[in-house]
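Every number in this text was worked out from the coordinates using simple rules, so none of it is lab data. Just so we're clear, the structure is a prediction, and the values are computed from it rather than from any experiment. Quick reminder, even Gly has a Cβ in these numbers, built from the backbone with ideal geometry, and neighbours come from all protein chains shown.
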Amino acid sequence: MGTVTIKAKALEAFVADIFVAAGCSREEGERIGRYLVSANLCGHDSHGVVRVPRYASQKRNGTVVADVTVDVLVDTPVIAVVDGKYGFGQTVTPQAVRIGIDKCKRAGLSAVTLRNAGHVGRVGDWAEMAAAEGLVSIHFVNASGSVLVAPHGGVDRRFSTAPYCVGVPRAGQEPLILDFATSVVAEGKVLVASQGGKKVPDGALIGPDGQPSADPHLLYGDYTPTGPRDHSKGKGAIRAFGEHKGSGLAFMCELLGGSLSGTGATDPGRGRFANGMLSFYVDPKVLDPQGFFPKDIARYVDFVRSSRPATAGGEILLPGEAEARSRARRLVEGVPLPDDTWAAIVETARSVGLDERRIQQATM
Ligand code: NAD
């Protein structure tokens, strides 16, 4: 399978035009384009423009709503409970994060829950938004209605891929961003493997017989090479990462991102997809008026990096470093997309009635 490579700005603009044609405001379309392409730039293609067809069909069938202004259900000096009302994650999440940042700047600390958000995408974007304003942030997220992951010791799906994220700002440098799904692999990676792409690691999946496996059929059941993939059809599950510890973190993401936000921990009966998120924000300038923190981060980063590599030529990467490198490279080289992904985006553009000349322009 071949790839097409598209410059980030051109890709953002095309995605924006697709969502404007689908019924979003220009502002929202541009936001969706920006955040999806940001995930591709970071190297997380599973959370990038590959989502365009799914988002467009969610808009079409009304499971996601355009141009939502969030409701703030509880509003104290340090706490907000925010209802995303099934708006696009790219629209409602920055509103919730903005509320958390503003409260934190006034009080030094804040906690914000976001319920019923459309797909919030790459959670690192939200930690980066807080870090850009000098704040530390911690995010527990669940994806209610998306039941994919078996708990440690089990074979039946009970968790979503429930991501966890921590962001730490650094003056004049890229922030440190730890951001991962609490499953061995994100679902998108199993999808890619099922299409003949890169295989998932052995043991990323588990069968109903308890056998660790790398076979995508355990997630999707029977499928044809180009046919649709339906993760409700498989008899197996993705495994939680990190044995009992990672499984415990996934469980807490479900409770804090899901139950405490009012979204609900993952529930197969829920039907409508929603992300839930609990975010904490801390202002280091209030907690650390002497400025010890930035100096100690610098010392500690050097100390960690100075570890001898485990393999010849290996290196120690900091949280967020792989993404920052990918972003720097792809901003210059463009975003590579498998032909199938690009074809599906073009098909989506046609399905929402985007002008054919505009489509031709994007494909040149
Ligand atoms: P991953 O396995 O690639 O792990 C990413 C993390 O590991 C980053 O913090 C990265 O900097 C760090 N990292 C990568 N290589 C490293 C190395 N060699 N040394 C040290 N650190 C390294 O990520 P993932 O689990 O596939 O998740 C991908 C994305 O999917 C995330 O952005 C996550 O937020 C997103 N996600 C979203 C949802 C949702 O419902 N919205 C659900 C699941 C995942």
One finds, for Lys245 and Arg305 with R0 = 30 angstrom and r their Cβ-Cβ distance, a FRET efficiency to the nearest 0.05 of 0.75
For the chain, set up a GNM with springs between Cα atoms under 10 Å and report which of Gly108, Gly271, Gly258 has the largest fluctuation.
Gly271
Order 63-75, 139-151 from most to least packed using the mean count of other Cβ atoms within 10 Å.
139-151, 63-75
Could you give me the ³J(HN,Hα) list for segment 54-64, computed from phi with Karplus coefficients 6.51, -1.76, 1.60 and θ = phi - 60°, whole Hz, x at Gly and Pro?
5, 4, 5, 6, 5, 5, 4, 8, x, 6, 10
Find the relative contact order for the chain and round it to a whole percent, using C-alpha pairs within less than 8 Å whose residues are 6+ positions apart.
22 percent
Pairs beyond 30 Å (Cα-Cα), from Lys199/Lys233; Lys85/Lys105; Lys9/Lys233; Lys85/Lys295:
Lys9/Lys233; Lys85/Lys295
Top of Gly269, Gly43, Gly334 by mean-square fluctuation, Gaussian network on the chain, Cα under 10 Å:
Gly269
Note the direction-averaged projected area, equal to a quarter of the hull surface, for the Cα convex hull of segment 1-129, in nm².
8.3 nm²
Kirkwood-type radius of the chain, with distances r between different C-alpha atoms, in Å:
21.3 Å
Residues of segment 283-301 with the amide nitrogen closer than 20 Å to a label point 7 Å from the Cα of Ala328, along Cα-to-Cβ, please.
298-301
Protection proxy (average C-beta count within 10 Å per residue), highest first, orders 280-289, 157-166 as 157-166, 280-289
What's the extension gain from Phe293 to Thr69 if we count 0.36 nm per residue and subtract their Cα-Cα distance?
77.0 nm
In whole Å, what is the distance between the alpha-carbon centres of segment 18-84 and segment 141-178?
19 Å
How large is the helix-only mean residue ellipticity at 222 nm for the chain, computed as the sum of -39500 (n - 2.57) over DSSP H runs with n ≥ 4, divided by its residue count, in deg cm²/dmol to the nearest 500?
-11500 deg cm²/dmol
